Amino acid sequence: MTYIVLFEDAKGKEHLRQAHMADHLAFLETNADKITAAGPLFAPDGSGRGGLWLVALREAEDVDALIKSDPFYPTGLRKTCTILEWRQVFRDGVRVTF
């Protein structure tokens, strides 16, 4: 199953991002078999708004456990984490059938 995880960052906690970034990036590398893409999200004005992961796991509960093992999780940086199942129907100019 493929999931999209949307993270909204808590206001006033931006300093926690840089303090824990090295550990977070190491976590992403260690879990590259599950987290197939990850990166920050920005508002049109360039301000940071959170992040997004593309995750390949069987169950949403597994995704939740993965989120909670991220070094960012216990810091209070994340205001919300939304897990959504995603079914791709279009890729590289072609419809995808499943």
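The values are calculated or read from the model by the stated rules, or taken from the named source; none is laboratory data. All values reported here derive from a predicted model rather than from experimental measurement. Cβ atoms come from the backbone with ideal geometry, glycine included; neighbour counts cover every protein chain shown. Each accessible area value is taken on the protein alone, full model and side chains, heavy atoms only, with ligands, DNA and RNA left out. Shrake-Rupley method; radii C 1.70, N 1.55, O 1.52, S 1.80 Å.
Can you work out which of the residues in the range 15-66 that are within 12 Å of I4 (Cα to Cα) and part of a helix (DSSP H, G or I) is least open to solvent (accessible area, probe 1.4 Å)? Per the criteria, the residue is V63. Can R78 be described as basic (K, R) and surrounded by 17 or more Cβ atoms within 10 Å (Cβ to Cβ)? Yes: the conditions hold for R78.
Exactly one residue among I83, I4 is in contact with a strand residue (DSSP E or B) (Cβ under 8 Å, 6 or more places away or on another chain), open to solvent by less than 50 Å² (accessible area, probe 1.4 Å) and of a type outside the set (K, R), and that residue is I4. In this structure, A60 does satisfy being over 10 Å from the mean Cα position of the chain (by Cα), within 28 Å of Q88 (Cα to Cα) and at pLDDT 95 or above. Cβ-Cβ contacts under 6 Å between residues 6 or more apart (or on different chains), taken from a first residue in the range 5-25 that is under 17 Å from S69 (Cα atoms) to a second residue that is at pLDDT 95 or above and part of a helix (DSSP H, G or I), are listed as L16/T75; H20/T75. Could you list, in sequence order, all residues of the range 67-90 that are part of a loop (DSSP other than H, G, I, E, B), more than 17 Å from D9 (Cα to Cα) and not polar (S, T, N, Q)? Listed by number, the residues that qualify are R87, V89. For the range 26-72, a residue qualifies if it is touching a Lys or Arg at 6+ places or on another chain (Cβ under 7 Å) and aliphatic (A, V, I, L, M), and the qualifying residues are L41, A43, V55, A56, L57, L66.
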